[in-house]
Amino acid sequence: MRLLALLLAAIPLSAATLTLNQALDEAAELSPDVQFAKLRTTEAETQVTQAKSGLRPQVAFQISGTYQTSNLQGLGLIFPGFPSRVGPYRTFDMRPVVTQTILDFPLRETIKAARLRAGEASTQADAVREDLLVQVATTYFAALETEARVKAAEARLATAEAILRQARDREATAIGSRLDIARAEQQMETERGLALGSQLEEDKLKSQLLNLIGRDQATVELTAPAEIPDSGAEADLVSEAKLKRPGLRVLHQEVSALQIDAEVARRERWPRLSAFGDWGVAGTGPDRSLSTYAIGASLTVPVWTGGRIEAGEALASVHASEVTKQIRKFELAIAQQVREAWLERESERVQLEAATRARDAADQALELSRVRLETGLATTVEVQVAQSNLAAADDTLIRTRFAVSEATTRLAWAAGDVRRAFR
């Protein structure tokens with residue numbers, strides 16, 4: 001008992017309380033995995049802005065100066081007795097240049113695809129968050145389970161100490177034997193070891209929980225949530241999951257984006273129209289320049305691309321078909337996950353009822369064996385067996401109690417919304 005007291009004394013009395021809802025809320029904001037997924041969403045949104053810039057005016061400022069010679073004959077200027085090569089001479093040019101895309105149908109479709117992929121990145125961030133929340137919830141319940149094991153072991157340790165005192169009293173009055181005392185001491189040390197082991201496991205799980213959340217390591221106290229309500233009918237959960245599961249929504253968005261990619265390829269055949277203009281000064285130097293300008297338009301009509309457009313369209317269509325097959329596979333997996341989680345929860349509920357009855361019976365059996373030991377109708381062997389049976393019953397009850405909560409959490413995750421299990 002002294003070793004357990006020393007271990008518990010190492011825990012600060014001012015440990016902060018961390019509820020399950022607080023853990024879920026903090027994980028959704030502080031976890032590095034969630035923050036990284038949000039950054040990918042921001043990156044995708046920036047790519048939309050980058051794509052849209054192609055439809056906006058482009059302004060540049062150009063300054064150039066050269067020292068060159070020219071071939072007049074190459075320009076078709078031939079004068080008898082005049083040399084074909086002139087120069088060297090200086091040139092200077094300074095002007096702003098403005099270009100504006102007027103019609104670019106592939107670019108417009110590319111912008112649509114970028115918007116869809118930005119939404120896809122946001123949905124992927126939702127998927128990362130949901131996967132994290134189910135990990136946080138199950139780890140929280142596992143820590144509560146080990147905490148309950150600690151308390152059960154401490155209660156059994158107190159009982160074992162009382163039985164040891166009883167055995168010593170019996171030995172002092174020549175009713176018991178030294179063997180009874182040895183057996184009682186063995187049981188007491190066994191319960192002490194179980195309490196210490198459970199305490200160590202609880203501390204490890206709390207450390208894992210804080211790491212998942214994104215908190216610095218500290219001492220925290222957990223609180224058991226209220227009874228988790230029923231999640232609803234199985235068929236309704238499957239239908240809801242097909243609408244809410246982020247992973248499935250990502251695939252639907254990817255199909256839409258690939259269909260737009262195919263449309264981008266098809267519109268590569270369409271003409272492109274742009275306008276340009278500039279105004280500035282040109283001459284042999286900044287002090288000997290005249291103003292000049294140029295205004296024009298450019299129309300590009302693809303005639304032959306060597307099969308590039310057809311190949312791009314076919315590739316996008318094949319990828320869309322592949323993702324469509326993945327959607328069907330995902331829907332089947334969702335139905336299976338909901339079904340398995342549903343069956344698991346119902347099974348754990350039945351086992352919890354049986355474990356509760358078994359624990360009550362084991363506790364009663366231990367009390368009866370202690371009475372029998374006191375009256376000389378039983379030995380410490382019978383009491384030790386009753387203690388072992390109570391420990392096993394405690395273990396089963398604790399496991400099934402939190403297994404129901406974990407199964408309900410997994411069912412809520414399978415339905416696409418972990419938080420619904422705790423609202």
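The values are calculated or read from the model by the stated rules, or taken from the named source; none is laboratory data. As the structure is a computational prediction, the values presented were derived from the model and not from experiment. Cβ sites come from the backbone with ideal geometry, for glycine too, and all protein chains shown count toward neighbours.
Exactly one condition in (1) touching a Lys or Arg at 6+ places or on another chain (Cβ under 7 Å); (2) free of Cβ contacts under 8 Å to residues at least 60 places away in the same chain is not met by Glu322; state its number.
(1)
Filter region 135-189 down to the residues that are touching a Ser or Thr at 6+ places or on another chain (Cβ under 7 Å) and aromatic (Phe, Trp, Tyr) and list them by number.
Phe141
How many residues does region 332-373 hold that are farther than 30 Å from Ser239 by Cβ, surrounded by 14 or more Cβ atoms within 10 Å (Cβ to Cβ) and either in contact (Cβ under 8 Å) with a residue 40 or more places away in the chain or among the small types (Gly, Ala, Ser) (or both)?
9
Any residue that is buried (at least 19 other Cβ atoms within 10 Å of the Cβ) and more than 11 Å from the chain's Cα centre (by Cα) - is there at least one of those in region 130-137?
For region 130-137, residues buried (at least 19 other Cβ atoms within 10 Å of the Cβ) and more than 11 Å from the chain's Cα centre (by Cα): present.
Filter region 237-247 down to the residues that are touching a residue at least 40 places away in the same chain (Cβ under 8 Å) and either among the small types (Gly, Ala, Ser) or buried (at least 21 other Cβ atoms within 10 Å of the Cβ) (or both), then identify the one that is farthest from Ile111 (Cα to Cα).
Among those that are touching a residue at least 40 places away in the same chain (Cβ under 8 Å) and either among the small types (Gly, Ala, Ser) or buried (at least 21 other Cβ atoms within 10 Å of the Cβ) (or both), it is Leu237.
Considering (1) buried (at least 20 other Cβ atoms within 10 Å of the Cβ); (2) more than 29 Å from the chain's Cα centre (by Cα), say which one Thr146 fails and leave the rest.
With respect to (1) buried (at least 20 other Cβ atoms within 10 Å of the Cβ); (2) more than 29 Å from the chain's Cα centre (by Cα), Thr146 is out only on (2).
Just checking, how many residues over region 269-303 are among the charged types (D, E, K, R) and more than 60 Å from the chain's Cα centre (by Cα)?
Number satisfying all stated conditions: 2.
Residues being assigned to a helix (DSSP H, G or I) and in contact with a Lys or Arg (Cβ under 6 Å, 6 or more places away or on another chain): count how many of those fall in region 366-382.
Qualifying residue count, region 366-382: 1.
Kindly indicate the residue of region 149-158 that is among the small types (Gly, Ala, Ser) and surrounded by fewer than 21 Cβ atoms within 10 Å (Cβ to Cβ) and also nearest to Glu202 (Cα to Cα) among those meeting that condition.
Checking each candidate, the answer is Ala155.
Output the residue which, of all residues in region 174-191 that are at pLDDT below 75 and not aliphatic (A, V, I, L, M), is surrounded by the most Cβ atoms within 10 Å (Cβ to Cβ).
Among those that are at pLDDT below 75 and not aliphatic (A, V, I, L, M), it is Asp180.
For region 264-273, check the following and say yes or no: at least one residue is in contact with a Ser or Thr (Cβ under 8 Å, 6 or more places away or on another chain), surrounded by 17 or more Cβ atoms within 10 Å (Cβ to Cβ) and not in a helix (DSSP H, G or I).
yes
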